[in-house]
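One structure is given below, encoded as structure tokens.
We did not get these values from a lab; they are worked out from the coordinates using the rules stated. A quick note: this is a predicted structure, and the numbers were derived from the prediction, not measured. No Cβ is skipped: glycine too gets one built from the backbone with ideal geometry, and neighbour counts run over all protein chains shown.
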Amino acid sequence: MLSRRLLKNLDFTIIIVTAVLILISLVIIGSATHINNPSQERYWFVERQGMFALANIVIVFILLHFDYKSLGKYANLLYAVNLIMLMAVMFVGQSALGAQRWIQIGPISLQPSEFSKIIMIISLAHMLDKRSGKLNTFKEIIPVFIYVGVPFLLVLKQPDLGTALVFLAILFGMIFVAGINLKHLGAIGLAGAALMPIFWHFLKDYQKKRLTVFLDPNIDPLGSGYHIIQSKIAIGSGMLFGKGLFGGTQSQLNFLPENHTDFIFAVIGEELGFIGASIVLLLYFLLLYRSVKVAGEARDNFGMLLATGISSMLMFHLLVNVGMTAGIMPVTGIPLPLMSYGVSALTTNMVCIGILLNIYMRRQKIMF
Amino acid sequence: MLEKRFGYRLDVLALIAVIVVVTLISRLGYLQVVQGKYYGNLADGNRIRLIPIMAPRGIFYDRNGVALVSNRPGFTISLVPISGPIQEEVINKLSGILGMSIDEIKTKVNNQAGVFEPIRIKTDVGQDVVTRIEEHRAELPGVVIEIQPIRNYVNNELGAHLFGYVSEINDVELAASKDKGYRSGDIIGKFGLEKVYDQDIRGVDGGRQVEVDVTGRPIQELGKKDPQPGNNLMMTIDYRIQKAAEMAIDEQLQVLQTKLGRRNAKAAAAVVMNPKTGEILAMVSRPAFNPNLFAGGISTKDWKTINDNPFNPMDNKAISGMYPPGSTFKIITGTAALELGKVTPEEKILDTGKHWIIPKGNDAGEALGWIDFKVAMAKSDNVYFYEMGNRLGIDNLENYARMFGLGDYTGINLPGEADGLVANRRYKEKVYGEDWYLSETFDAAIGQGFQLVTPLQVAMVMSEIANGGHRYRPYLISKITAPSGEPIKLFGAEEVGNVKISDRTLTLIREALSDVTHEGGTAGAVFNDFPITIAGKTGTAENPHGDDHAWFACYAPYDDPQVVVVVVVEQGGYGTEASAPIAKKILEAAFNINQPPTENAKTNYPNSAL
């Protein structure tokens with residue numbers, strides 16, 4: 001059993017915010033999907049997501065019994081598993097929307113790239129643990145980039161541009177906090193910018209289109225611009241107070257596709273309005289704030305880096321996903337943490353929350 | 001632990017979180033508050049039109065896969081309401097181009113006032129109209145040309161009464177079926193199978209979401225939902241037999257009117273069915289109508305032509321026409337008499353030309369002398385069957401008629417079926433307030449007087465004799481299939497009743513009916529050279545309003561009945577003369593006798609692109 005002292009040290013803000021976000025998401029998923037489903041299976045998505053949320057709560061609770069420190073021991077193993085998993089997708093994965101991203105296991109289709117995010121954070125935290133404050137020369141920095149670069153390229157090859165970008169967000173967030181020399185960071189940033197045209201060359205056509213079309217969705221209103229236009233209409237028409245739950249008209253004729261997965265925030269905007277959507281964003285802010293706080297209070301460097309990686313990931317997801325639905329970010333297939341329908345993403349995010357709780361719970365050094 | 005000099009970097013991370021959330025909330029504020037009204041209008045439909053895309057209705061196939069009813073593309077002219085009321089000028093111009101009165105257009109516009117969907121003004125216009133509208137585009141704001149699937153009855157009149165027709169839903173129908181997802185402007189089945197299976201074959205309309213400018217001109221397409229085509233109907237009808245039956249009737253009516261002096265022989269009906277299952281192989285009613293006239297909205301002139309025809313082209317006389325069965329009823333009288341032991345097959349009765357109790361006789365007054373059952377049936381002797389009526393009494397006659405299924409709906413899957421009338425005491429008491437007279441029993445015994453049947457009911461009686469007393473529900477659809485070909489509903493033989501007839505009686509009746517079509521029988525002259533043995537019965541039903549109605553009912557082959565054919569020609573005179581030749585041609589088609597070698601089943605491939 002967990003000791004009373006550990007339980008007392010749980011971060012209840014994180015727990016409550018997470019619970020509220022998941023509950024809101026279940027309602028919204030229900031609203032987004034009930035119209036298009038045959039009556040008997042009307043709430044299939046809600047039931048499934050709810051079921052997995054409950055299962056994850058159990059998993060998180062069990063994981064709380066183990067000190068997060070032990071994650072470090074498995075870091076290298078996890079890193080290897082990650083590479084194998086990402087390569088497996090290339091050979092046995094199923095395609096969705098032109099990209100190989102899924103592995104089917106029984107009734108569940110898993111998205112390895114979701115899990116690889118959390119593995120990335122753990123293994124990178126383990127690697128940087130010893131290098132903190134020693135990232136002053138390129139000789140010290142380059143191994144870190146190679147370490148992240150290998151899985152990064154594998155994900156990019158799938159092609160899953162969204163996850164690849166998440167890797168970069170995690171990498172930069174963590175090396176920044178790990179104390180990289182700012183001049184070097186600036187140099188890397190400039191080099192990256194200079195390499196952009198080459199990187200661009202390797203993108204698939206539909207990716208290029210997605211990246212450019214959000215600047216002017218009307219150049220291709222029925223193709224790549226379609227989601228953006230429909231999503232903006234949905235959010236904008238929610239106005240101040242929203243159309244009320246289950247009242248979103250954009251879903252009526254299914255004009256807003258993927259409205260329970262990547263575009264769930266558009267439904268929130270449409271049905272809950274500016275006020276409701278802002279409250280959801282403030283809940284996310286609370287979560288982000290607390291997770292940075294966890295990083296600051298971690299008892300060791302490893303814990304701090306873990307929490308930093310998780311904060312960076314959540315922040316990036318929030319910015320890109322909500323930005324995408326609101327038409328200020330390109331469509332890259334990045335789900336909204338804790339809210340988008342999807343077993344893999346939900347599990348990853350809840351495990352992340354579990355790790356944050358774990359770090360915070362054990363923040364005080366044990367005095368004998 | 002992290003060195004203190006980097007501690008500020010976590011604060012930077014927190015600051016980034018603040019920036020992210022503030023950015024997003026600002027963006028939402030811009031979209032939802034500053035531009036909220038604009039997007040609200042877009043979503044509400046002030047500037048968005050939902051232009052429905054009509055789903056093509058399911059295709060009807062005959063039993064061998066020949067498409068009989070399909071769809072073809074047609075141009076529809078619609079008006080999309082602009083921000084204000086539709087300009088008078090536009091309506092005037094449109095009226096000139098479409099050849100419609102201004103009032104007609106205004107009625108359509110007013111019927112849909114307040115709805116932001118396009119108002120269909122005229123469906124299925126010609127290319128010339130489309131060209132003229134394109135030329136005057138600038139002067140016709142809000143006028144839209146759409147391409148819609150138009151119902152196409154491949155062979156025009158052929159099978160019209162089975163297929164029925166489609167046209168725009170009216171207010172009454174709309175009120176009755178709003179909860180089934182019907183909307184104003186929908187095209188629905190109004191008659192026949194189109195009506196009965198409307199829900200199955202209508203498909204699901206799609207739509208285009210279009211943003212329009214202030215003049216109502218579409219600026220850009222925002223979304224599109226493809227329509228789902230309706231399910232297809234696999235009919236039990238055999239196109240070859242149906243076509244042969246229609247042609248045979250048309251030719252025969254022509255002959256009757258011009259050569260045989262039956263001036264009013266203008267209406268007729270025929271039923272061809274499988275006695276073992278109840279499958280309808282063909283069904284014809286004359287006069288007919290062309291359902292294609294309705295598909296694009298029927299013109300006033302065409303409607304008047306149909307409406308003014310005294311022989312009611314819109315009635316399916318095969319199921320709704322009620323006629324006295326005439327001598328075809330002798331099958332029932334004979335069965336009852338034999339079954340109840342009122343007569344033996346061997347007993348001979350003396351026909352002196354008139355019955356001895358009531359002086360009613362044969363049509364032409366002939367006397368056949370001493371005759372037994374088979375001869376009486378083969379020669380359709382009235383005096384013999386008057387006596388059978390006399391011995392049975394009206395109640396026994398009624399009983400047997402009902403056991404055969406007369407006086408009741410057959411339950412065919414078509415709308416508008418009539419139930420007919422079985423002569424009985426209660427009816428007379430109720431309607432005339434009088435007692436029953438023996439002379440009325442006499443009439444009833446030979447299918448006159450109160451007796452009324454539909455051609456389909458006679459086909460049922462004939463089937464029961466052919467199959468040993470089973471009454472199967474007649475049906476027209478064997479299968480409903482999804483556009484992908486996957487079966488959705490299957491239909492098969494369904495026994496809804498039966499009449500118990502001993503084998504001895506059955507054999508005797510069948511033999512007697514076979515004698516009808518052989519040398520010495522009433523239809524012997526028509527069928528003496530026919531290569532297949534058939535069993536049949538002629539009938540000539542008295543008609544107080546004109547010439548007699550001519551009946552012929554039969555099944556074939558005699559040993560292994562596969563088809564039942566029933567033909568009635570209104571005011572055609574004698575059954576032998578008017579109806580039996582039609583039945584013969586139908587049987588020829590059914591058994592591939594004397595068919596021109598080039599006559600192959602014409603295959604019409606469905607217009608699946610629509």
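Treat the count of other C-beta atoms within 10 Å as a stand-in for reagent exposure and order A:His201, A:His260 from fewest to most.
Exposure proxy ranking, most exposed first: A:His201, A:His260.
Could you go through the range B:17-24 in sequence order and give the Karplus-derived ³J(HN,Hα) for each residue, using 6.51 cos²θ - 1.76 cosθ + 1.60 with θ = phi - 60°, rounded to whole Hz, and x for Gly and Pro?
So the Karplus estimates, Gly and Pro as x, are 4, 4, 4, 4, 5, 5, 4, 5 Hz.
Would you be so kind as to identify which of B:Gly230, B:Ala55, B:Ser78 lies farthest towards the positive end of the dipole of the range B:48-235, taking Lys and Arg as +1 and Asp and Glu as -1 on Cβ and the Cα centre as origin?
Result: B:Gly230, furthest along the dipole toward the positive end.
Per residue and in cubic angstrom, what volume does the convex hull of the Cα atoms of chain A have?
Cα-based convex hull of chain A, divided per residue, equals 148 Å³.
Average partner chain C-beta neighbours within 10 Å, per residue of B:32-42?
Across the residues of B:32-42, the mean count of other-chain Cβ atoms within 10 Å is 6.
Rounded to the nearest 0.05, what FRET efficiency is calculated for B:Lys489 and B:Asp308 with R0 set to 56 Å and r the Cβ-Cβ distance?
The formula returns an efficiency of 0.90 here.
Relative to the Cα centre, what is the charge dipole magnitude of chain B, using +1 at the beta carbon of each Lys and Arg, -1 at the beta carbon of each Asp and Glu, and rounding to the nearest 20 debye?
1960
Quick one: the Cα spread of the range B:133-257 along its three principal axes, in angstroms, biggest first?
So the extents along the principal axes, rounded to whole Å, are 65, 39, 27.
How many Cβ atoms of partner chains, on average, are near each residue of A:169-181 if near means within 10 Å of its Cβ?
Mean inter-chain Cβ contacts per residue within 10 Å come to 2.
Looking at chain B, send over the antiparallel percent of its DSSP beta bridges, to the nearest 5.
Antiparallel: roughly 95 percent of the beta bridges in chain B.
Taking square-rooted eigenvalues a ≥ b ≥ c of the alpha carbon gyration tensor, is the range B:415-545 rounded, prolate or oblate, where a/c under 1.5 means rounded and, failing that, a/b exceeding b/c means prolate?
oblate
Once you've got the GNM for chain A with C-alpha springs shorter than 10 Å, pick whichever of A:Val177, A:Val294, A:Val267 has the biggest mean-square fluctuation.
A:Val177
Expressed in nm², what is the orientationally averaged projection area of the convex hull enclosing the Cα positions of the protein assembly as shown?
54.0
What share of the DSSP beta bridges in the protein assembly as shown is antiparallel, in percent to the nearest 5?
Roughly 95 percent of the beta bridges in the protein assembly as shown run antiparallel, per DSSP.
Pop a pseudo-label 7 angstrom from the Cα along the beta-carbon direction at both A:Ile275 and B:Ile145 and give the gap in nm to one decimal.
Calculated label separation equals 5.1 nm.
What percent do you get for the relative contact order of chain B when only Cα pairs under 8 Å and 6+ apart count?
Computed over chain B, the figure is 15 percent.
Under 5 Å between amide H atoms, partner at least 5 residues away or on a different chain: which partners does B:Asn498 have, H built in plane at 1.01 Å?
When sequence neighbours closer than 5 places are left aside, the close amide H contacts are B:Arg471.
Indicate the gyration tensor shape class of the range A:1-83 (rounded, prolate or oblate), computed on the Cα atoms with a ≥ b ≥ c the square roots of the eigenvalues: a/c under 1.5 is rounded; otherwise a/b larger than b/c is prolate and the rest oblate.
oblate
If the label point is 7 Å along Cα→Cβ of B:Glu542, which residues in the range B:317-336 have backbone nitrogen under 14 Å from it?
Of the residues in the range B:317-336, B:324-327 have backbone N under 14 Å from the label point off B:Glu542.
Return the calculated 222 nm mean residue ellipticity for chain A, to the nearest 500 deg cm²/dmol, obtained by summing -39500 (n - 2.57) across DSSP H runs with n ≥ 4 and dividing by the residue count.
Value at 222 nm, helices only: -23000 deg cm²/dmol.
Only Cα pairs within less than 10 Å get springs; with that Gaussian network setup on chain A, which residue of A:Phe45, A:Phe285, A:Phe138 has the largest fluctuation?
A:Phe138
Once every DSSP H run of n ≥ 4 in chain B is given -39500 (n - 2.57) and the sum is divided by its residues, what mean residue ellipticity at 222 nm do you get, rounded to the nearest 500 deg cm²/dmol?
Roughly -10000 deg cm²/dmol at 222 nm, from the helical runs in chain B.
Note down the relative contact order for chain A as a percent, whole number, built from C-alpha pairs under 8 angstrom at least six residues apart.
Relative contact order of chain A: 26 percent.
Would you mind computing, in nm to one decimal, how far apart the modelled labels at A:Lys134 and B:Gln87 are, each placed 7 Å from Cα along Cα→Cβ?
The two pseudo-label positions are separated by 8.1 nm.
Which value in nm describes the separation of the simple spin-label points at B:Asp205 and B:Asn110, placed 7 Å from the Cα toward the beta carbon?
Result for the modelled spin labels: 2.3 nm.
Give me, ordered by chain and number, the residues 5 or more places off B:Ile121 or on other chains with an amide H under 5 Å from its own placed amide H.
B:Ile77, B:Ser78, B:Leu79
Viscosity 1.002 mPa s, temperature 20 °C: what is the translational diffusion coefficient of the range A:119-196 from Stokes-Einstein with a Kirkwood Rh over Cα pairs, rounded to a whole number of µm²/s?
Value of D from the Cα-based Kirkwood radius: 167 µm²/s.
Starting from 0 in steps of 10 Å, tell me what percent of the Cα-Cα pairs of the range B:48-235 lands in each bin.
9, 33, 35, 19, 5, 0
Taking θ = phi - 60°, what integer Hz values does the Karplus form 6.51 cos²θ - 1.76 cosθ + 1.60 yield along the range B:99-104, in sequence order, with x for Gly and Pro?
x, 10, 6, 4, 4, 4
Return the FRET efficiency for the residue pair B:Asp363, B:Arg425: r is the Cβ-Cβ distance, R0 is 22 Å, and the value is rounded to the nearest 0.05.
Efficiency, rounded to the nearest 0.05: 0.20.
Treating only the Cβ of Lys, Arg, Asp and Glu as charged (+1, +1, -1, -1), what charge dipole size does the protein assembly as shown show about its Cα centre? Round to the nearest 20 debye.
Its charge dipole is roughly 6000 debye.
Putting +1 on Lys and Arg Cβ atoms and -1 on Asp and Glu Cβ atoms, find which of A:Ala53, B:Ala364, A:Asn358 reaches farthest to the positive end of the dipole of the protein assembly as shown.
Result: A:Asn358.
Report the far tail of the P(r) of chain B, meaning the percent of Cα-Cα pairs longer than 46 Å.
Roughly 34 percent, rounded to a whole number.
Between B:Gln257 and A:Tyr43, what is the FRET efficiency for a Förster distance of 56 Å, r being their Cβ-Cβ separation, to the nearest 0.05?
0.25
Among B:Lys360/B:Lys584; B:Lys190/B:Lys317; B:Lys428/B:Lys500, which pairs are too far apart, with a Cα-Cα distance over 24 Å?
Over 24 Å apart, Cα to Cα: B:Lys360/B:Lys584; B:Lys428/B:Lys500.
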